[in-house]
Amino acid sequence: MAAYNIVGKGVPRVDGPDKASGKAIYTVDVSLPGMLYGKILRSPYAHARIISIDTSMAEKLPGVKGIVTGRDLRDVRYAFVDTPHYPADEQPLAVDKVRYIGDEVAAVAAESEAVAEKALALIKVEYEIIPAVFSAIEAMRDDAPLVHDEQLEGTSAWEEWGVTKRKNITASSYAANNVSGRTFVQYGDVDAGFEEADHIREDTFELKATAHCPMEPHAVVASYDAVQDKLHVWLSTMGIFLKRFFLSKTLNIPASKIRVHHTYVGGAFGGKIDLFPYEFCAAYLTIKTGQPVKIELDREEVFMTTRQRHPMNITVRTGIKKDGIITAQDIKVIADNGAYRGSGPVVIFLCHGFSFPVYNVPNYRYEGFSVYTNNPIRGPQRGHGAPQIRFSIDSHIDLIARDLGMDPLEIMLKNARKQGDVIPNGDVLNSCGLTECIKGAAAAIDWKNKRRQFQASPASTGRFRRGVGISICSMFSGAMYYPFASAAIIKMHDDGSATLFTGAQDIGQGSYTTLSQVLAEELGIGMEDVHVVAGDTELCPIDLGSFLSGTALVTGSAVKLAAADAKRQIMESAAELLGVDNIGELDAFNKKVFQRQSPDNYVTYQQAIQASVLRKGGNPIIGTGSYKGYEKTDRYPSLSKGKGLFTGAYGFAAQTAEVEVDTWTGKVKLLRACTFHDCGYPLNETIVRGQIHGCSSMGQGQALSEEIYLEEGQLFNASFLEYRLPISTDTPELVDGIVISQEPSGPFGAKEVGEGSVAGMLAAVANAVHDAVGVRIKSMPITPEKVLRALNNPT
Amino acid sequence: MKKVIKLTVNGMEKELLVDVHSTLLDVLREDLGLKGTKKGCNQGECGACTVLIDGNPVPSCSLLAVKADGKDVLTIEGVAEAGKLHAIQEVFNEKGAIQCGFCTPGMILVTKKLLDDNPNPDEQEIKEAIAGNICRCTGYAQIIEAIMALAGRKQVR
Amino acid sequence: MRLNEFDYYDPATLEEAVELLNQKANGAIIAGGSDLLVALKQKLQTPNYLLSLDKIPSLKKVKFTENKLTLGSMVTLDDIIKSSLIQEKLPALKQAAWEVASPLLRYQATIGGNLCLNTRCRFYNQTSFWRSTRGPCFKTGGKSCHVTGTEERCYAAFCADIPPVLIAYGARINLAGMQGARTISLADFYNGEGRFPNVIAAGSGEILTGIEIPFPQTGVKSVYRKFRLRDSIDYPLVGAAVALKLDAQNKIEMITLSCTGTASGPVNIKSINEVLRGAVLKPEAIWDAAAAAAVELHPLKTSLVSPRYKRDISRVVIAEAIATAGGVTL
């Protein structure tokens, strides 16, 4: 491996000083002259027809400047998944019926929040409550109420990108039995595979919805400039170009007439991708009123209406040989996507996508359904499907190991995919450190000594009992989704320093810093010489956005190419000054270009840039680079068939957990969590560790305490008091191992690190609890109540 | 109903006419433009809006501004001196204790109080001191590492 | 989640405060305010004015005499935690104060506020929007309780940490009203009503001014044991306070037990004294007594855990509290 000067080092974050001193501006901090405050009227009912909406009283209230209802927006539709087969099913404001508690009905803009709140109370909505359905399995029954019975056309927002329209789409064809999406994948000969097996086991698992909980609540400021005919927006998002695309489609104004401005993002975790009704309404109301409009959601609205992780029922059936070689696997997934499709068809595709890169299963069948219910809408959340599928599969593998009297580690190592494997869709694992991850995580937890399973007398009578567990996982490093690619522009200054223009959003994961490091390393300048302009659709080139874990690989590659481009131009200018014909004889480092053979013969970047301006037609040197979401394909893979190429590189991780179970109360304390993550190459070690810790912590919460508590579609714990995120005193000893596999397509070998290792924590903890006290909890989260009940009623 | 209150904010004396139903958080952010104090939950559960009042950390969303009358308030904007970051701010950044930054102002102020009272807290004392400040990004490990470093202690592994 | 408008008064004397409270309709007393502000934002209460006790110096006094501690109602929990004398004389009070909410709230929260803490319920502690789905419960003016579905009373649970400890210590409280001052036992302050759980909430027009806590006799051990899901922020699912004294033969001479988190007020388990007095503290006796006591707690589904789990936990928490006070390992 080459020695680097800047990448690989834990250099401090470039945004750190702003954030540490309170100077960092987030969307909620944006304030404009004459700004109005918007509020959203929401449905208190899970399923109801709207008979009438009367806004006349509210309109008369002094200080109210604009009101919009679904009547004004009858034809506006959009969705995260918007294909001819799965037509967009969301509307900014409900038109004929409301489908979940929190569904948007009207929006008001007023001179103050207080007036806006009063105006909401004056809007009279007459509802007719109709039967509702709250579980995916019940929703699939023939007699279940239909959440979506409207007629849609088979259009797509992506038609200008080559997607063809489809005729004859009807409600019964896209949402029969409330099924909003289906993925079916099969390869090998599944029946033969099961016949070949010495042992077959089937288990069913259940997972509850969980919340993202970014500390910054969602907000938007929109300001329409009628003179310039330009809409300016500030919003808390993971992808500025995707938001602009959605706003352009829904408002029916050209993308270039919308400018998304930069703000810092106070955490996202997948919950700030979709276009949200409040964003659309702010934009609509600023155009209507001519005044800037700000809408800030309160914490309850964030919990209720900004998407949650999909609750799922997952059945896994596996055939295995006595020696631990898997011969066949059959997986069924039912995901509740709530009142609108959200990312339903994506998550059932991804459950497959995060299942099959892990174990080499020769005969495999996967079927997933996403289903409408009258619950809150579900969308992407860190790992997007990975926690659910990895929890189920690796809990199941642990149980199989017990059946066979084997060490689960052995089964994992025997079946784990390896570098060079071509997985069934055609993706090649050019880098895969999964085996090293498993070995590292096991050693870090002292697997052989701590696993009670191997101890002569595993049963203990003490109150507090300890055990260990393991799980492994995988994650994409970017994929094909609008705008399909990232680009970077590097503007050289005449003192030899550089400004990077990137559309990437730093949502806390540190991309401004790691991208700066890539730039500095490639260009041969110091971190102090890099300036970042980011997150502005007007100033910055397109970017995939900070989701699907693509920033390091995709945007990082674009930045590296742009830096190389700038460097080449500097060298060409320097070559003339140095009297060298071939720039291949030159090297550049520390803002100097020198002759490799005689390093004393050099010019500074400053001299080279100035010479370029003076002698090369005024060229001040601007480097550009671009990189596609997945170099090898132009198309998004088929969600329903799982065909096509998925991602350029898979990140891998193995996670082990040691728990202590209080057998009197059922409380599980996570003592130690060890994550070994194959991130290709760590561009910034401190940041990589931070991503691993953040993932582990989120996984810990989802394994032990986090759960959206719903009764009849009503969310009972929309607060940090009752929705229990881990707090400081829950922090286990976190051990992190960085496995370097050098992904050939990644910048300096880097790939995904920000999402995968949420997923392994769930089964690692569940397996550790089983190891400690001999009970198996198959539903997430593992609350003290469930553990105590299982201990009291051993089956 | 409005009331005149006097506050010393980051060393500057302020006399303000405030609505009696304004929280201190509202007054700091809206009246004084001190947007570094963040509103995370608005019900005293997350700690993002923490400021020091007479040296003690208090979630400013849970305190009426009128109740702070006559008190000394330190917000995140007052921690750096003469444009130079405080050691807590420097070390937080060096150790990776900052990710999205939204909990950071509150976390830094609580740390300041902790270290003002006890320059050498151990790991358990650190965890207890920040137990009212929720961070979703870091899993707390690098925050604890940063405070350990400030306290001159090595984390026990 | 904004505050409605209200008026605000912070009189400098107790007399003025009492007069204001009784003359102006629909007021709410604000002490630290950390709990009240959430209730106001959720529109659980819509007072015309707040009566602040901030400017009344006498309410912030801490007074130790030979045999008792007198705390003004505005003494903060942080003051209690930091007092070495309280740690020495009334360790369970310090323990309970230290376990209230999160460290950030304890600088502001007061002892009086904790004693007057409203009852809590999964149907009640919600925003006005949330509550509009089901309509008002009994506590918010509706016909019946959402927990039981039918009954015309409120079953919201009392979740304050400090009252059971002070009841176990036999504390008395001072109230000031239009008829003057009176002192009652803290146990009598609570009426077991979920809707208006104490005499002030029930409309007595009085202000809680102070708490008198007698120092336990020599040899009395006191313990507060709180069970919650996280070690900070959370209210107790169950809390148990025990004060007990062993005689020279290591037999129980006296024991008091008071619990929080399960019913509409602190539950004082009087039978515990009959069950355990004269007994030698052994694990089996403790478990039996704890199981018998737990039966008296009758939790309902007021929080997100099941009543059954609360019962199971109550037994453990009570047993732990007794064992710790008695110096016995379970």
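The values are calculated or read from the model by the stated rules, or taken from the named source; none is laboratory data. From a predicted model like this one, the values you see are computed outputs, not experimental measurements. For neighbour counting, all protein chains shown are included, and Cβ atoms are generated from backbone atoms with ideal geometry for every residue, glycine included.
Being out of contact with any strand residue (DSSP E or B) (no Cβ under 9 Å at 6 or more places or on another chain), of a type outside the set (A, V, I, L, M, F, W, C) and farther than 30 Å from C:K60 by Cα is a condition met by no residue of segment C:202-225.
Out of curiosity, is A:P599 more than 30 Å from A:S549 (Cβ to Cβ), touching a residue at least 60 places away in the same chain (Cβ under 8 Å) and assigned to a loop (DSSP other than H, G, I, E, B)? No, not satisfied. Looking across segment A:416-450, the residues that are in a helix (DSSP H, G or I) and crowded, with 17+ Cβ neighbours inside 10 Å come down to A:L434, A:T435, A:E436, A:C437, A:I438, A:K439, A:G440, A:A441, A:A442, A:A444, A:W447, A:K450.
On inspection, A:Y187 fails the criterion of being among the hydroxyl-bearing types (S, T, Y) and within 26 Å of the chain's Cα centre (by Cα).
A single member of A:G405, A:G379, A:G385 is more than 24 Å from A:V758 (Cβ to Cβ) and small (G, A, S), and it is A:G405. Within segment B:124-152, the set of residues being closer than 23 Å to A:S696 by Cβ, surrounded by fewer than 18 Cβ atoms within 10 Å (Cβ to Cβ) and in contact (Cβ under 8 Å) with a residue 24 or more places away in the chain comprises B:A149 only. Could you check segment C:31-67 and list, in sequence order, the residues that are under 22 Å from the mean Cα position of the chain (by Cα), among the hydrophobic types (A, V, I, L, M, F, W, C), away from chain B (no Cβ under 13 Å) and under 15 Å from C:A12 (Cα atoms)? Scanning segment C:31-67 gives a single hit, C:L59.
Take the conditions of a type outside the set (F, W, Y), assigned to a loop (DSSP other than H, G, I, E, B), touching a residue at least 60 places away in the same chain (Cβ under 8 Å) and buried (at least 24 other Cβ atoms within 10 Å of the Cβ) and apply them to A:G368. Does it pass? No.
Applying the condition of being away from chain B (no Cβ under 12 Å), surrounded by fewer than 23 Cβ atoms within 10 Å (Cβ to Cβ) and hydrophobic (A, V, I, L, M, F, W, C) to segment A:711-743 and asking which residue is nearest to A:V302 (Cα to Cα) yields A:F716. Residues considered: A:S573, A:S638, A:S612. Of these, the only one that is surrounded by fewer than 17 Cβ atoms within 10 Å (Cβ to Cβ), more than 30 Å from A:I445 (Cα to Cα) and polar (S, T, N, Q) is A:S638. Scanning segment C:236-274 for residues that are at pLDDT below 95 and under 18 Å from C:K226 (Cβ atoms) turns up nothing. Residue count for segment C:227-245 under the criterion of being closer than 16 Å to A:D662 by Cβ and in contact with a helix residue (DSSP H, G or I) (Cβ under 8 Å, 6 or more places away or on another chain): the result is 6.
Taking segment A:253-297 only, how many residues are among the acidic types (D, E) and surrounded by fewer than 24 Cβ atoms within 10 Å (Cβ to Cβ)?
Number satisfying all stated conditions: 1.
Taking the criterion of being over 22 Å from A:T373 (Cβ atoms) and either crowded, with 24+ Cβ neighbours inside 10 Å or free of Cβ contacts under 8 Å to residues at least 24 places away in the same chain (or both), the residues of segment A:326-351 that qualify are A:A328, A:Q329. Counting only helices (runs of 4 or more DSSP H) that sit wholly inside segment B:69-157, those with at least 2 residues that are within 14 Å of chain C (Cβ to nearest Cβ) are B:104-117, B:123-129.
Taken together, the residues in segment A:740-754 that are assigned to a loop (DSSP other than H, G, I, E, B) and either of a type in the set (A, V, I, L, M, F, W, C) or without any contact (Cβ under 8 Å) to a residue 12 or more places away in the chain (or both) amount to 2.
Identification of helices (runs of 4 or more DSSP H) wholly contained in segment C:262-330 with 2 or more residues that are in contact (Cβ under 8 Å) with a residue 40 or more places away in the chain and within 14 Å of another protein chain (Cβ to nearest Cβ) yields C:283-295, C:307-326. When the residues of segment A:540-570 are filtered to those that are closer than 19 Å to A:H493 by Cβ and under 25 Å from the mean Cα position of the chain (by Cα), the one that is surrounded by the most Cβ atoms within 10 Å (Cβ to Cβ) is A:V559. Among the residues making up segment A:125-148, those that are part of a strand (DSSP E or B) and of a type in the set (A, V, I, L, M) are A:V125, A:I129. Residues of segment C:214-237 that are of a type in the set (D, E, K, R), facing another protein chain (nearest Cβ under 8 Å) and more than 18 Å from the chain's Cα centre (by Cα): C:R230, C:D231. Would you be able to say whether some residue in segment C:9-22 is free of Cβ contacts under 8 Å to residues at least 60 places away in the same chain and within 12 Å of another protein chain (Cβ to nearest Cβ)? Yes, there is a match, as at least one residue in segment C:9-22 is free of Cβ contacts under 8 Å to residues at least 60 places away in the same chain and within 12 Å of another protein chain (Cβ to nearest Cβ). Before we move on, is A:T27 within 14 Å of chain B (Cβ to nearest Cβ) and β-branched (V, I, T)? Yes.
So which residues in segment B:27-68 are closer than 19 Å to A:S112 by Cβ and more than 9 Å from every other protein chain (Cβ to nearest Cβ), if there are any at all? Quick ask: steps written out before the conclusion?
Taking segment B:27-68 as the starting set, the residues that turn out to be closer than 19 Å to A:S112 by Cβ are B:27-33, B:35, B:39, B:42, B:61, B:64-65.
The answer is B:V27, B:L28, B:D31, B:L32, B:A65.
Would you check if C:G192 is in contact (Cβ under 8 Å) with a residue 24 or more places away in the chain and within 16 Å of C:L93 (Cα to Cα)? For C:G192, the condition - in contact (Cβ under 8 Å) with a residue 24 or more places away in the chain and within 16 Å of C:L93 (Cα to Cα) - is not met. Considering only residues in segment A:776-795 that are away from chain C (no Cβ under 14 Å) and touching a residue at least 40 places away in the same chain (Cβ under 8 Å), the one that is farthest from the chain's Cα centre (by Cα) turns out to be A:R776. The strands (runs of 3 or more DSSP E) falling completely within segment A:451-541 that include 3 or more residues that are over 30 Å from A:I400 (Cα atoms) map to A:485-492, A:498-502, A:530-534. Considering segment A:100-130, the residues that are surrounded by fewer than 24 Cβ atoms within 10 Å (Cβ to Cβ) and touching a Phe, Trp or Tyr at 6+ places or on another chain (Cβ under 7 Å) include one that is nearest to the other protein chains (Cβ to nearest Cβ), namely A:E113.
When only residues in segment A:519-560 that are of a type in the set (S, T, N, Q) and out of contact with any strand residue (DSSP E or B) (no Cβ under 6 Å at 6 or more places or on another chain) count, which is modelled with the highest pLDDT? Looking at residues that are of a type in the set (S, T, N, Q) and out of contact with any strand residue (DSSP E or B) (no Cβ under 6 Å at 6 or more places or on another chain), I get A:T551. Only one of the numbered conditions (1) away from every other protein chain (no Cβ under 14 Å); (2) closer than 22 Å to B:S62 by Cβ; (3) in contact (Cβ under 8 Å) with a residue 60 or more places away in the chain; (4) not hydrophobic (A, V, I, L, M, F, W, C) is violated by C:T70, and that is (2).
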